[in-house]
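The structure under discussion appears below in the form of structure tokens.
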Amino acid sequence: VTHLNLKVYQTCKEIYFPSAFTPNGDGNNDDFGPLGDVNNLLNYSLTVYNRWGEVVFTTTDPLKKWNGKLVNQEVGTGNFVWHASYIYKGNVKTVKGSVTLIR
């Protein structure tokens, strides 16, 4: 009998944003927003922009996520840029990135 001892190191950030989502209603990755310990975010804001720099989604509620729609109309497959700011565990954070919406 062989015994194996494993040490697991958590390397994920406590708050992170996915790089893609699929708003198809299947209950998996249907919306875009912060993941992780979102209940401890303060002074939160998220804005998502299309390729022309137009705002397609904005919120100050970390539990409200983008469903891939603009004015109740589905937005097609594409890349979007986002900007978020918040306070987490006393640290002021400003992060930005891109997300791919896949239909």
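The values are calculated or read from the model by the stated rules, or taken from the named source; none is laboratory data. Because the structure is predicted, anything quoted here is derived from the model rather than measured. Neighbour counts run over all protein chains shown; Cβ positions are idealised from the backbone, glycine included. Protein only, heavy atoms only, side chains kept; ligands, DNA and RNA dropped before computing areas. Shrake-Rupley method; radii C 1.70, N 1.55, O 1.52, S 1.80 Å.
Worth a mention:
- The chain, accessible surface, carbon-and-sulfur percent (1.4 angstrom probe): 50 percent
- For I102 and T47, the FRET efficiency from 1/(1 + (r/R0)^6), where r spans their Cβ atoms and R0 equals 30 Å, is about 0.90.
- Taking the Cα centre of the chain as origin and assigning +1 to Lys and Arg Cβ atoms and -1 to Asp and Glu Cβ atoms, the resulting dipole is close to 300 debye.
- Using the 1.4 Å probe convention, the accessible area of the chain works out to 72 Å² per residue with neighbouring protein chains retained.
- Tail fraction, Cα-Cα pairs, the stretch 52-93, threshold 16 Å, whole percent: 48 percent
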